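Contents: one structure, followed by commentary.
Computed from the coordinates by the stated procedures, all read-outs in this text should not be read as laboratory data. Note that the structure is a prediction, hence the values are computed from the model and not measured. Here Cβ is always computed from backbone atoms with ideal geometry, including for glycine, and neighbour counts include all displayed protein chains.
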Amino acid sequence: MILKIKRNFFLFLIAALSFHSEATNLKTGDLIFVSLPCYMCRLIELEERSLYSHMGMVVMRVGEDKRFHEALILESWGEVKLTPLDEFLKRRNKQVPVLFLRSKVKLSSHQLKNALPTWNGLPYDEKFSWNNTDKNGNELLYCSELIYKFLDSILKPADKKWFLPPLKKMHFQIYPDKWAKYFFPAPVPEGEEGISPQDFVNHSMGWKKLD
């Protein structure tokens, strides 16, 4: 029994150290993908035939003691915000490995960071609509929509093809009754323009897996 406990702890330690090593190599502009353990998240993963239901973008910031860099994640979760990496990871389904992607073409971290205040605090879009605002005129954004539109706002026209996967017609065809219940009383936005985390994963033209 003791040997089994020691073995399990040793395996856990190796995994933790491996992930820590990967996290310390992150750069501003890297993308992160996780599976979230919620009912709606599972529906999204099934619909997209994907392991991932949530994504964000890494933003590196110098720590308070100036000796290390802290990884924050730009995400739309309740609202658009910067979330510490460890807090972001606490919400994930730990049975699904975390995926990091890095752009094949260099992103300007300075330009990216300067654009952040414009997006901070915008509300989350639970209806997954591409052109959606609240009663105050603030744009509502779901996770992959945020990353797409954020990049679209700072990239040069010639560079957009590298970073931005093609928009597609959204589909809600797996468990349509559950989707209808979720969107009620509004209609299911079948065929509306949109994007998903998996579309970024599939866009190998501009992104590569971070080893």
- Message: Report the gain in length on full extension from Glu87 to Trp162: 0.36 nm times residue separation, minus Cα-Cα distance, nm rounded to one decimal.
- Response: 24.0 nm
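Placing unit charges on C-beta atoms (Lys and Arg positive, Asp and Glu negative, everything else neutral), compute the dipole magnitude of the chain about its Cα centre in debye, rounded to 20.
The dipole of the chain has a size of about 820 debye.
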- When the charge dipole of region 29-209 is computed with +1 on Lys and Arg Cβ and -1 on Asp and Glu Cβ about the Cα centre, the Cα farthest towards its positive end, among Phe88, Met205, Ser129, belongs to Met205
- For Val96 and Met40, calculate 0.36 nm times their separation in residues minus their Cα-Cα distance, and state this gained length in nm to one decimal. 18.5 nm
- Given (i) 0.99; (ii) 1.10; (iii) 0.96, the label whose value is Rg/Rh (Cα atoms, Kirkwood Rh) derived from this model: (i)
- Message: For the chain, give me every cysteine whose Cβ has no other Cys Cβ within less than 4.7 Å, ordered by residue number.
- Response: Cys143
- With only helices counted (DSSP H, runs n ≥ 4, each -39500 (n - 2.57)), the per-residue ellipticity at 222 nm for the chain, to the nearest 500, works out to -11000 deg cm²/dmol
- Note on the structure: Check: C-alpha center region 95-124 vs C-alpha center region 157-211, spacing in Å is 17
